[in-house]
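Below is one structure, written out as C-alpha coordinates; the observations come after it.
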Ligand code: UD1
Ligand code: CA
(Lines give C-alpha, C1' and ligand atoms only; values in the text may rest on other atoms or scores of the structure.)
(Ligands and ions follow the chains in the order given, each with its own letter.)
Protein backbone atom coordinates (compact mmCIF):
# COMPACT_ATOMS: atom_id res chain seq x y z
CA UNK A 1 0.00 0.00 0.00
CA UNK A 2 1.25 3.50 -0.83
CA UNK A 3 2.13 5.83 2.00
CA UNK A 4 -0.74 7.73 3.58
CA UNK A 5 -0.77 11.54 3.71
CA UNK A 6 -3.42 13.40 5.69
CA UNK A 7 -4.76 16.80 4.72
CA UNK A 8 -6.66 18.70 7.39
CA UNK A 9 -8.64 21.69 6.11
CA UNK A 10 -8.52 24.54 8.59
CA UNK A 11 -8.40 27.69 6.47
CA UNK A 12 -12.05 28.66 6.33
CA UNK A 13 -13.15 31.96 7.82
CA UNK A 14 -15.75 30.39 10.06
CA UNK A 15 -18.08 33.30 9.36
CA UNK A 16 -21.04 31.54 10.93
CA UNK A 17 -19.19 31.40 14.27
CA UNK A 18 -19.19 35.21 14.48
CA UNK A 19 -15.93 35.14 16.39
CA UNK A 20 -12.60 36.96 16.30
CA UNK A 21 -10.90 33.60 16.81
CA UNK A 22 -10.22 31.11 13.99
CA UNK A 23 -12.92 28.45 14.01
CA UNK A 24 -10.61 25.48 14.49
CA UNK A 25 -9.37 27.04 17.76
CA UNK A 26 -12.85 27.10 19.29
CA UNK A 27 -12.75 24.84 22.32
CA UNK A 28 -14.45 21.49 22.57
CA UNK A 29 -13.95 19.69 25.87
CA UNK A 30 -11.38 22.32 26.81
CA UNK A 31 -9.18 21.80 23.73
CA UNK A 32 -9.24 23.42 20.29
CA UNK A 33 -11.35 21.51 17.76
CA UNK A 34 -8.22 21.04 15.67
CA UNK A 35 -6.55 19.19 18.58
CA UNK A 36 -9.31 16.57 18.41
CA UNK A 37 -8.81 16.11 14.69
CA UNK A 38 -5.02 15.86 15.13
CA UNK A 39 -5.45 13.22 17.83
CA UNK A 40 -7.31 11.07 15.33
CA UNK A 41 -4.82 11.87 12.59
CA UNK A 42 -1.97 10.69 14.82
CA UNK A 43 -3.75 7.42 15.49
CA UNK A 44 -3.58 6.65 11.75
CA UNK A 45 0.26 6.88 11.82
CA UNK A 46 0.42 8.71 8.48
CA UNK A 47 3.60 9.54 6.56
CA UNK A 48 2.76 13.23 7.06
CA UNK A 49 0.02 15.56 8.29
CA UNK A 50 -0.61 18.66 6.16
CA UNK A 51 -2.76 21.35 7.75
CA UNK A 52 -4.16 24.01 5.42
CA UNK A 53 -4.46 27.43 7.08
CA UNK A 54 -5.27 30.96 6.05
CA UNK A 55 -7.43 33.10 8.34
CA UNK A 56 -5.67 33.55 11.67
CA UNK A 57 -2.85 31.32 10.48
CA UNK A 58 -0.32 32.64 13.03
CA UNK A 59 -2.76 32.10 15.87
CA UNK A 60 -3.46 28.56 14.72
CA UNK A 61 0.21 27.73 14.23
CA UNK A 62 1.24 29.11 17.59
CA UNK A 63 -1.50 27.11 19.33
CA UNK A 64 0.24 24.00 17.96
CA UNK A 65 3.84 25.25 18.07
CA UNK A 66 4.85 22.12 19.96
CA UNK A 67 3.87 19.99 16.96
CA UNK A 68 6.99 20.23 14.85
CA UNK A 69 5.81 17.39 12.63
CA UNK A 70 2.88 19.32 11.16
CA UNK A 71 3.40 20.58 7.61
CA UNK A 72 1.59 23.89 7.47
CA UNK A 73 0.17 24.85 4.09
CA UNK A 74 -0.75 28.48 3.56
CA UNK A 75 -3.75 28.63 1.27
CA UNK A 76 -3.70 32.40 0.86
CA UNK A 77 -7.19 33.79 0.32
CA UNK A 78 -9.46 30.73 0.77
CA UNK A 79 -11.21 29.85 -2.47
CA UNK A 80 -12.97 26.73 -1.25
CA UNK A 81 -12.25 23.21 -0.08
CA UNK A 82 -11.09 22.13 -3.57
CA UNK A 83 -8.55 24.93 -3.70
CA UNK A 84 -7.36 24.07 -0.17
CA UNK A 85 -6.68 20.45 -1.13
CA UNK A 86 -4.98 21.60 -4.35
CA UNK A 87 -2.56 23.72 -2.30
CA UNK A 88 -1.71 20.80 0.01
CA UNK A 89 -1.20 18.38 -2.89
CA UNK A 90 1.81 20.41 -4.03
CA UNK A 91 3.77 18.89 -1.15
CA UNK A 92 2.51 15.31 -1.53
CA UNK A 93 4.01 12.56 -3.73
CA UNK A 94 1.86 11.69 -6.76
CA UNK A 95 1.48 8.06 -5.79
CA UNK A 96 0.56 8.72 -2.18
CA UNK A 97 -2.82 7.86 -0.77
CA UNK A 98 -4.52 10.98 0.58
CA UNK A 99 -7.14 11.26 3.30
CA UNK A 100 -8.87 14.62 3.68
CA UNK A 101 -10.19 15.64 7.11
CA UNK A 102 -12.00 18.80 8.12
CA UNK A 103 -10.82 20.88 11.05
CA UNK A 104 -14.45 21.58 11.93
CA UNK A 105 -15.51 17.92 12.23
CA UNK A 106 -13.84 17.21 15.56
CA UNK A 107 -15.50 13.99 16.72
CA UNK A 108 -15.04 12.01 13.53
CA UNK A 109 -14.77 8.31 14.54
CA UNK A 110 -11.37 6.75 14.02
CA UNK A 111 -12.98 3.58 12.63
CA UNK A 112 -14.59 5.65 9.85
CA UNK A 113 -11.25 7.18 8.94
CA UNK A 114 -9.58 3.81 8.83
CA UNK A 115 -12.35 2.40 6.66
CA UNK A 116 -12.17 5.32 4.24
CA UNK A 117 -8.36 5.42 4.02
CA UNK A 118 -8.15 1.67 3.58
CA UNK A 119 -11.03 1.18 1.14
CA UNK A 120 -8.74 0.55 -1.83
CA UNK A 121 -11.02 2.65 -4.10
CA UNK A 122 -9.50 5.35 -6.33
CA UNK A 123 -11.89 7.72 -4.60
CA UNK A 124 -13.91 7.04 -1.47
CA UNK A 125 -16.34 9.28 0.41
CA UNK A 126 -17.62 8.96 3.97
CA UNK A 127 -21.35 9.61 4.21
CA UNK A 128 -24.10 9.29 6.73
CA UNK A 129 -27.85 9.57 6.97
CA UNK A 130 -29.30 12.29 9.15
CA UNK A 131 -32.74 13.56 10.05
CA UNK A 132 -31.99 17.13 9.13
CA UNK A 133 -29.61 17.42 6.16
CA UNK A 134 -29.69 21.21 5.93
CA UNK A 135 -26.27 22.80 5.53
CA UNK A 136 -24.57 19.65 4.26
CA UNK A 137 -23.59 18.42 0.82
CA UNK A 138 -26.11 15.77 -0.38
CA UNK A 139 -24.89 12.44 -1.74
CA UNK A 140 -26.71 11.75 -4.99
CA UNK A 141 -26.67 8.10 -6.04
CA UNK A 142 -27.14 6.71 -9.52
CA UNK A 143 -29.84 4.09 -10.17
CA UNK A 144 -27.52 1.28 -9.04
CA UNK A 145 -26.74 2.55 -5.57
CA UNK A 146 -23.37 4.04 -6.48
CA UNK A 147 -22.39 7.60 -5.69
CA UNK A 148 -22.81 9.80 -8.72
CA UNK A 149 -22.14 13.33 -7.44
CA UNK A 150 -22.34 15.58 -4.42
CA UNK A 151 -24.59 18.62 -4.46
CA UNK A 152 -23.83 21.41 -2.04
CA UNK A 153 -26.68 22.68 0.12
CA UNK A 154 -26.87 26.05 -1.55
CA UNK A 155 -26.91 24.51 -5.05
CA UNK A 156 -29.47 21.79 -4.34
CA UNK A 157 -32.86 21.83 -6.09
CA UNK A 158 -35.87 20.89 -3.91
CA UNK A 159 -35.65 17.22 -4.84
CA UNK A 160 -31.92 17.06 -4.06
CA UNK A 161 -32.41 19.08 -0.89
CA UNK A 162 -34.82 16.41 0.38
CA UNK A 163 -32.05 13.77 0.28
CA UNK A 164 -30.97 13.01 3.83
CA UNK A 165 -27.81 11.16 2.86
CA UNK A 166 -24.99 13.64 3.49
CA UNK A 167 -21.30 14.17 2.90
CA UNK A 168 -19.25 14.16 6.11
CA UNK A 169 -16.39 15.85 4.26
CA UNK A 170 -14.01 12.96 4.75
CA UNK A 171 -12.70 11.64 1.47
CA UNK A 172 -9.76 9.48 0.38
CA UNK A 173 -8.06 9.05 -2.95
CA UNK A 174 -4.82 8.74 -4.84
CA UNK A 175 -2.89 12.05 -4.95
CA UNK A 176 -2.39 12.17 -8.74
CA UNK A 177 -6.01 11.30 -9.50
CA UNK A 178 -7.34 13.81 -6.97
CA UNK A 179 -5.19 16.47 -8.57
CA UNK A 180 -6.58 15.67 -12.00
CA UNK A 181 -10.21 15.72 -10.85
CA UNK A 182 -9.63 18.92 -8.91
CA UNK A 183 -8.16 20.71 -11.92
CA UNK A 184 -11.28 19.70 -13.81
CA UNK A 185 -13.44 21.08 -10.98
CA UNK A 186 -11.96 24.56 -10.89
CA UNK A 187 -14.71 27.16 -11.33
CA UNK A 188 -14.13 29.94 -13.83
CA UNK A 189 -11.92 32.70 -12.43
CA UNK A 190 -13.65 35.78 -11.05
CA UNK A 191 -16.93 33.95 -10.37
CA UNK A 192 -18.72 33.97 -7.04
CA UNK A 193 -18.63 30.23 -6.69
CA UNK A 194 -16.04 28.46 -4.52
CA UNK A 195 -13.88 25.63 -5.75
CA UNK A 196 -15.53 22.52 -4.30
CA UNK A 197 -13.62 19.43 -3.28
CA UNK A 198 -16.91 17.62 -3.58
CA UNK A 199 -16.97 18.15 -7.37
CA UNK A 200 -14.17 15.57 -7.72
CA UNK A 201 -16.83 12.88 -7.41
CA UNK A 202 -18.59 13.85 -10.63
CA UNK A 203 -15.25 14.11 -12.46
CA UNK A 204 -14.12 10.70 -11.26
CA UNK A 205 -17.40 9.30 -12.52
CA UNK A 206 -16.93 11.07 -15.84
CA UNK A 207 -13.62 9.20 -16.20
CA UNK A 208 -15.50 5.97 -15.67
CA UNK A 209 -14.29 5.40 -12.10
CA UNK A 210 -16.68 4.09 -9.53
CA UNK A 211 -16.61 6.01 -6.29
CA UNK A 212 -16.64 4.16 -3.00
CA UNK A 213 -19.12 5.17 -0.36
CA UNK A 214 -18.72 4.33 3.30
CA UNK A 215 -21.49 4.81 5.83
CA UNK A 216 -20.43 6.20 9.16
CA UNK A 217 -21.25 4.13 12.19
CA UNK A 218 -22.02 7.23 14.28
CA UNK A 219 -24.14 9.87 12.51
CA UNK A 220 -23.83 12.30 15.42
CA UNK A 221 -20.06 12.22 15.62
CA UNK A 222 -19.51 13.09 11.96
CA UNK A 223 -21.49 16.31 12.07
CA UNK A 224 -19.61 19.53 11.42
CA UNK A 225 -19.38 22.61 13.60
CA UNK A 226 -20.20 25.77 11.70
CA UNK A 227 -21.88 27.82 14.41
CA UNK A 228 -22.06 28.01 18.18
CA UNK A 229 -25.24 25.97 18.42
CA UNK A 230 -23.51 23.09 16.63
CA UNK A 231 -20.47 23.58 18.87
CA UNK A 232 -22.65 23.29 21.97
CA UNK A 233 -24.30 20.19 20.48
CA UNK A 234 -20.94 18.49 19.98
CA UNK A 235 -19.80 19.60 23.43
CA UNK A 236 -22.75 17.85 25.09
CA UNK A 237 -22.21 14.75 22.96
CA UNK A 238 -18.52 14.67 23.89
CA UNK A 239 -19.32 15.21 27.58
CA UNK A 240 -21.84 12.39 27.50
CA UNK A 241 -19.21 10.13 25.93
CA UNK A 242 -16.68 11.04 28.66
CA UNK A 243 -19.28 10.62 31.40
CA UNK A 244 -20.28 7.19 30.08
CA UNK A 245 -16.66 6.08 29.98
CA UNK A 246 -16.07 7.26 33.55
CA UNK A 247 -19.25 5.62 34.84
CA UNK A 248 -18.22 2.36 33.19
CA UNK A 249 -14.90 2.67 35.04
CA UNK A 250 -16.77 2.86 38.36
CA UNK A 251 -17.39 6.55 38.97
CA UNK A 252 -20.78 7.63 40.35
CA UNK A 253 -22.16 10.76 38.70
CA UNK A 254 -25.31 12.23 40.23
CA UNK A 255 -26.30 13.32 36.72
CA UNK A 256 -24.13 12.58 33.67
CA UNK A 257 -25.85 15.42 31.82
CA UNK A 258 -24.64 17.90 34.42
CA UNK A 259 -20.95 17.06 34.37
CA UNK A 260 -18.15 18.69 32.40
CA UNK A 261 -14.68 17.32 31.92
CA UNK A 262 -12.39 19.68 30.05
CA UNK A 263 -9.24 17.71 30.65
CA UNK A 264 -8.56 14.27 32.01
CA UNK A 265 -10.06 12.73 35.11
CA UNK A 266 -8.57 9.63 36.73
CA UNK A 267 -10.56 8.03 39.54
CA UNK A 268 -10.10 5.23 42.05
CA UNK A 269 -13.01 3.11 43.25
CA UNK A 270 -16.31 4.45 44.56
CA UNK A 271 -15.81 8.15 43.96
CA UNK A 272 -18.97 10.23 43.80
CA UNK A 273 -19.49 13.51 41.98
CA UNK A 274 -22.60 15.55 42.62
CA UNK A 275 -24.16 17.73 39.91
CA UNK A 276 -22.37 20.52 38.04
CA UNK A 277 -18.82 19.51 38.84
CA UNK A 278 -16.31 20.90 36.33
CA UNK A 279 -12.98 19.17 35.78
CA UNK A 280 -10.16 21.04 34.05
CA UNK A 281 -6.65 19.86 33.18
CA UNK A 282 -5.38 16.68 34.81
CA UNK A 283 -7.32 15.74 37.91
CA UNK A 284 -6.67 12.58 39.91
CA UNK A 285 -8.99 11.26 42.62
CA UNK A 286 -8.13 8.39 44.97
CA UNK A 287 -10.74 5.96 46.32
CA UNK A 288 -13.98 7.04 48.00
CA UNK A 289 -13.59 10.72 47.22
CA UNK A 290 -16.78 12.73 47.41
CA UNK A 291 -17.21 15.99 45.51
CA UNK A 292 -20.24 18.17 46.24
CA UNK A 293 -22.36 20.13 43.77
CA UNK A 294 -20.91 23.05 41.85
CA UNK A 295 -17.22 22.37 42.49
CA UNK A 296 -14.43 23.23 40.05
CA UNK A 297 -11.31 21.03 40.15
CA UNK A 298 -8.43 22.18 38.00
CA UNK A 299 -5.05 20.41 37.86
CA UNK A 300 -5.31 18.82 41.27
CA UNK A 301 -5.03 15.61 43.20
CA UNK A 302 -7.44 14.48 45.88
CA UNK A 303 -6.47 11.44 47.90
CA UNK A 304 -8.65 8.64 49.23
CA UNK A 305 -11.50 9.41 51.60
CA UNK A 306 -11.27 13.18 51.15
CA UNK A 307 -14.44 15.23 50.79
CA UNK A 308 -14.87 18.42 48.80
CA UNK A 309 -18.10 20.15 49.76
CA UNK A 310 -20.36 22.29 47.58
CA UNK A 311 -19.14 25.23 45.53
CA UNK A 312 -15.44 24.86 46.24
CA UNK A 313 -12.82 25.83 43.67
CA UNK A 314 -9.51 23.96 43.66
CA UNK A 315 -6.60 24.74 41.38
CA UNK A 316 -3.12 23.23 41.53
CA UNK A 317 -3.92 21.79 44.95
CA UNK A 318 -3.21 18.50 46.67
CA UNK A 319 -5.81 17.31 49.15
CA UNK A 320 -4.53 14.49 51.34
CA UNK A 321 -6.37 11.40 52.52
CA UNK A 322 -9.43 12.06 54.66
CA UNK A 323 -9.10 15.83 54.43
CA UNK A 324 -12.23 17.95 54.04
CA UNK A 325 -12.69 21.12 52.05
CA UNK A 326 -15.57 23.57 51.80
CA UNK A 327 -18.32 24.37 51.27
CA UNK A 328 -17.27 27.59 49.51
CA UNK A 329 -13.52 27.11 49.88
CA UNK A 330 -10.81 28.16 47.47
CA UNK A 331 -7.55 26.26 47.16
CA UNK A 332 -5.02 27.95 44.90
CA UNK A 333 -1.77 26.63 43.41
CA UNK A 334 0.57 25.12 45.95
CA UNK A 335 -2.13 24.44 48.53
CA UNK A 336 -1.36 21.15 50.21
CA UNK A 337 -3.66 19.59 52.77
CA UNK A 338 -2.15 16.65 54.54
CA UNK A 339 -4.07 13.75 56.06
CA UNK A 340 -7.25 14.79 57.83
CA UNK A 341 -6.68 18.53 57.47
CA UNK A 342 -9.79 20.68 57.31
CA UNK A 343 -10.52 23.83 55.31
CA UNK A 344 -13.97 25.29 55.84
CA UNK A 345 -16.20 27.92 54.29
CA UNK A 346 -14.82 31.16 52.86
CA UNK A 347 -11.23 30.10 53.38
CA UNK A 348 -8.55 30.75 50.77
CA UNK A 349 -5.29 28.79 50.81
CA UNK A 350 -2.37 29.52 48.50
CA UNK A 351 1.14 28.08 48.44
CA UNK A 352 0.73 26.70 51.92
CA UNK A 353 0.94 23.34 53.65
CA UNK A 354 -1.64 22.36 56.22
CA UNK A 355 -0.09 19.45 58.01
CA UNK A 356 -2.02 16.47 59.34
CA UNK A 357 -5.18 17.40 61.22
CA UNK A 358 -4.69 21.17 60.97
CA UNK A 359 -7.99 23.07 60.98
CA UNK A 360 -8.86 26.31 59.24
CA UNK A 361 -12.59 26.36 59.50
CA UNK A 362 -13.90 29.76 58.49
CA UNK A 363 -13.20 33.10 56.81
CA UNK A 364 -9.43 32.90 56.63
CA UNK A 365 -6.55 33.55 54.25
CA UNK A 366 -3.50 31.30 54.46
CA UNK A 367 -0.81 32.22 51.94
CA UNK A 368 2.90 31.31 51.81
CA UNK A 369 2.69 29.38 55.04
CA UNK A 370 3.14 26.15 56.92
CA UNK A 371 0.48 25.21 59.42
CA UNK A 372 1.77 22.51 61.74
CA UNK A 373 -0.08 19.31 62.60
CA UNK A 374 -3.14 19.80 64.79
CA UNK A 375 -2.92 23.59 64.71
CA UNK A 376 -6.22 25.51 64.73
CA UNK A 377 -6.77 28.86 63.04
CA UNK A 378 -9.79 30.82 64.23
CA UNK A 379 -12.24 32.65 62.01
CA UNK A 380 -10.80 35.70 60.33
CA UNK A 381 -7.13 34.75 60.61
CA UNK A 382 -5.06 36.46 57.92
CA UNK A 383 -1.48 35.72 56.97
CA UNK A 384 -0.27 39.15 55.85
CA UNK A 385 2.15 37.68 53.36
CA UNK A 386 2.57 40.63 51.02
CA UNK A 387 4.23 43.93 51.93
CA UNK A 388 3.37 45.53 48.62
CA UNK A 389 6.60 44.37 47.00
CA UNK A 390 7.58 40.93 48.31
CA UNK A 391 5.91 37.80 49.64
CA UNK A 392 6.93 36.52 53.08
CA UNK A 393 6.48 33.23 54.89
CA UNK A 394 4.43 32.43 57.99
CA UNK A 395 5.29 29.37 60.04
CA UNK A 396 2.73 28.04 62.53
CA UNK A 397 3.89 25.23 64.78
CA UNK A 398 2.21 22.00 65.78
CA UNK A 399 -0.92 22.36 67.92
CA UNK A 400 -0.72 26.15 67.89
CA UNK A 401 -4.01 27.95 68.47
CA UNK A 402 -4.67 31.21 66.68
CA UNK A 403 -7.59 33.22 68.04
CA UNK A 404 -10.17 34.77 65.73
CA UNK A 405 -9.51 37.91 63.75
CA UNK A 406 -5.75 37.74 64.00
CA UNK A 407 -3.30 39.29 61.56
CA UNK A 408 -0.01 37.39 61.28
CA UNK A 409 2.43 39.86 59.73
CA UNK A 410 4.97 37.80 57.78
CA UNK A 411 7.75 36.90 58.06
CA UNK A 412 6.70 35.50 61.39
CA UNK A 413 6.79 32.20 63.26
CA UNK A 414 4.39 30.90 65.89
CA UNK A 415 6.00 28.18 68.00
CA UNK A 416 4.62 24.72 68.68
CA UNK A 417 1.75 24.79 71.15
CA UNK A 418 1.69 28.60 71.28
CA UNK A 419 -1.57 30.52 71.66
CA UNK A 420 -2.46 33.84 70.07
CA UNK A 421 -5.31 35.80 71.62
CA UNK A 422 -8.22 36.87 69.44
CA UNK A 423 -7.94 40.19 67.63
CA UNK A 424 -4.12 40.34 67.72
CA UNK A 425 -1.69 41.71 65.18
CA UNK A 426 1.42 39.57 65.50
CA UNK A 427 4.60 40.97 63.99
CA UNK A 428 7.22 39.20 66.13
CA UNK A 429 7.89 35.50 66.57
CA UNK A 430 6.00 33.76 69.38
CA UNK A 431 8.01 31.15 71.30
CA UNK A 432 6.66 27.60 71.72
CA UNK A 433 4.01 27.24 74.38
CA UNK A 434 3.68 31.00 74.99
CA UNK A 435 0.58 33.17 74.89
CA UNK A 436 0.81 36.27 72.73
CA UNK A 437 -1.80 38.95 72.38
CA UNK A 438 -1.87 42.55 71.28
CA UNK A 439 -5.39 43.21 72.35
CA UNK A 440 -6.26 46.59 73.88
CA UNK A 441 -7.79 46.05 77.33
CA UNK A 442 -11.56 46.16 77.64
CA UNK A 443 -12.77 49.17 79.65
CA UNK A 444 -16.23 49.31 81.17
CA UNK A 445 -18.01 52.31 82.71
CA UNK A 446 -21.22 52.15 84.66
CA UNK A 447 -21.72 55.94 84.87
CA UNK A 448 -22.31 56.40 81.18
CA UNK A 449 -25.54 56.82 79.30
CA UNK A 450 -26.13 56.92 75.62
CA UNK A 451 -26.77 60.33 74.04
CA UNK A 452 -30.43 61.03 73.30
CA UNK A 453 -32.00 63.09 70.58
CA UNK A 454 -33.35 66.45 71.68
CA UNK A 455 -37.05 66.10 72.44
CA UNK A 456 -37.16 62.39 71.82
CA UNK A 457 -39.28 60.55 74.27
CA UNK A 458 -39.63 57.03 75.20
CA UNK A 459 -38.27 53.62 75.00
CA UNK A 460 -38.33 53.15 71.20
CA UNK A 461 -35.12 55.08 70.74
CA UNK A 462 -33.43 53.69 73.75
CA UNK A 463 -33.11 50.16 72.68
CA UNK A 464 -30.59 48.06 74.53
CA UNK A 465 -29.43 44.77 73.21
C1 LIG B 1 -18.37 21.06 3.57
C2 LIG B 1 -18.64 20.24 2.31
C3 LIG B 1 -20.02 19.59 2.44
C4 LIG B 1 -20.06 18.74 3.70
C5 LIG B 1 -19.65 19.52 4.94
C6 LIG B 1 -19.45 18.58 6.09
C7 LIG B 1 -17.48 21.26 0.41
C8 LIG B 1 -17.61 22.15 -0.78
N9 LIG B 1 -18.59 21.07 1.13
O10 LIG B 1 -19.31 22.10 3.63
O11 LIG B 1 -20.29 18.78 1.31
O12 LIG B 1 -21.35 18.21 3.88
O13 LIG B 1 -18.40 20.23 4.72
O14 LIG B 1 -19.15 19.25 7.29
O15 LIG B 1 -16.42 20.70 0.63
N16 LIG B 1 -11.76 25.31 4.30
C17 LIG B 1 -10.47 25.59 3.89
N18 LIG B 1 -10.30 26.43 2.82
C19 LIG B 1 -11.34 26.97 2.14
C20 LIG B 1 -12.65 26.66 2.57
C21 LIG B 1 -12.83 25.82 3.64
O22 LIG B 1 -9.51 25.12 4.47
O23 LIG B 1 -11.08 27.69 1.17
C24 LIG B 1 -11.95 24.42 5.47
C25 LIG B 1 -12.74 25.04 6.60
O26 LIG B 1 -11.87 25.66 7.54
C27 LIG B 1 -13.43 23.85 7.21
C28 LIG B 1 -13.59 22.89 6.06
O29 LIG B 1 -12.69 23.31 5.06
O30 LIG B 1 -12.64 23.25 8.22
C31 LIG B 1 -15.01 22.89 5.50
O32 LIG B 1 -15.35 24.19 5.06
P33 LIG B 1 -16.79 24.78 5.33
O34 LIG B 1 -16.84 26.13 4.71
O35 LIG B 1 -17.16 24.65 6.74
O36 LIG B 1 -17.67 23.80 4.42
P37 LIG B 1 -19.19 23.38 4.63
O38 LIG B 1 -20.07 24.43 4.10
O39 LIG B 1 -19.40 22.92 6.02
CA1 CA C 1 -18.21 23.00 7.88
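The values are calculated or read from the model by the stated rules, or taken from the named source; none is laboratory data. Fair warning: this is a prediction, and the values are worked out from it, not measured in the lab. With ideal geometry, Cβ positions are generated from the backbone for all residues, glycine too; neighbour counts draw on all protein chains shown.
Of the helices (runs of 4 or more DSSP H) that lie entirely inside segment 24-122, those containing 2 or more residues that are touching a residue at least 60 places away in the same chain (Cβ under 8 Å) span 33-43, 81-89, 110-117. Taking the numbered list (1) farther than 28 Å from residue 86 by Cβ; (2) assigned to a loop (DSSP other than H, G, I, E, B); (3) within 16 Å of ligand 1 (Cβ to nearest atom) in turn, residue 250 passes all entries but (3). Among the residues of segment 40-68 satisfying the criterion of being in contact with a helix residue (DSSP H, G or I) (Cβ under 9 Å, 6 or more places away or on another chain) and farther than 20 Å from residue 12 by Cα, which is surrounded by the fewest Cβ atoms within 10 Å (Cβ to Cβ)? Looking at the filtered set, the residue picked out is 43. For segment 228-247, the candidate set comprises residues that are touching a residue at least 40 places away in the same chain (Cβ under 8 Å) and either in contact with a strand residue (DSSP E or B) (Cβ under 8 Å, 6 or more places away or on another chain) or under 30 Å from residue 148 (Cβ atoms) (or both); within that set, the residue that is farthest from ligand 1 (Cβ to nearest atom) is 242.
Restricting attention to segment 208-220, does a residue exist that is closer than 25 Å to residue 106 by Cα, more than 16 Å from ligand 2 (Cβ to nearest atom), assigned to a helix (DSSP H, G or I) and in contact with a helix residue (DSSP H, G or I) (Cβ under 6 Å, 6 or more places away or on another chain)? No, segment 208-220 contains no residue that is closer than 25 Å to residue 106 by Cα, more than 16 Å from ligand 2 (Cβ to nearest atom), assigned to a helix (DSSP H, G or I) and in contact with a helix residue (DSSP H, G or I) (Cβ under 6 Å, 6 or more places away or on another chain). Could you please let me know if residue 415 is farther than 23 Å from residue 304 by Cα and either surrounded by fewer than 24 Cβ atoms within 10 Å (Cβ to Cβ) or under 31 Å from the mean Cα position of the chain (by Cα) (or both)? Here the answer is yes, as residue 415 does meet what is asked.
Taking into account only those residues within segment 123-136 that are assigned to a loop (DSSP other than H, G, I, E, B) and surrounded by fewer than 23 Cβ atoms within 10 Å (Cβ to Cβ), which is farthest from ligand 1 (Cβ to nearest atom)?
If we take residues in segment 123-136 being assigned to a loop (DSSP other than H, G, I, E, B) and surrounded by fewer than 23 Cβ atoms within 10 Å (Cβ to Cβ), then 131 is farthest from ligand 1 (Cβ to nearest atom).
Looking at this structure, is residue 377 within 15 Å of residue 362 (Cα to Cα) and in the same structural domain as residue 361 (by TED's automatic domain parsing)? Taking the combined requirement at face value, the residue satisfies it. Being under 20 Å from residue 239 (Cα atoms) and assigned by TED's automatic domain parsing to the domain that holds residue 359 holds for only one residue in 263, 344, 316, 320, and it is 263.
Residues in segment 1-19 that are within 16 Å of ligand 1 (Cβ to nearest atom) and out of contact with any strand residue (DSSP E or B) (no Cβ under 6 Å at 6 or more places or on another chain): 12, 13, 14, 15, 16, 17, 18, 19. If you go through segment 185-205 and keep only what is away from ligand 2 (no atom under 16 Å from the Cβ) and at pLDDT below 95, you end up with 185, 186, 187, 188, 189, 190, 191, 192, 193.
Looking only at segment 269-287, which residues are surrounded by fewer than 17 Cβ atoms within 10 Å (Cβ to Cβ) and in a loop (DSSP other than H, G, I, E, B)? Correct list: 269, 270, 275, 287. Out of segment 338-353, which residues are assigned to a strand (DSSP E or B) and either in contact with a helix residue (DSSP H, G or I) (Cβ under 9 Å, 6 or more places away or on another chain) or within 15 Å of residue 309 (Cα to Cα) (or both)? Within segment 338-353, 342, 343, 344, 345, 346, 347, 348 qualify. Here is the figure for segment 143-191: residues that are away from ligand 1 (no atom under 14 Å from the Cβ) and part of a loop (DSSP other than H, G, I, E, B) total 10.
Provide a single number: the residues in segment 91-108 that are surrounded by fewer than 24 Cβ atoms within 10 Å (Cβ to Cβ), more than 20 Å from the chain's Cα centre (by Cα) and either farther than 20 Å from residue 177 by Cα or near ligand 1 (Cβ under 10 Å from one of its atoms) (or both). Residues meeting the conditions: 0.
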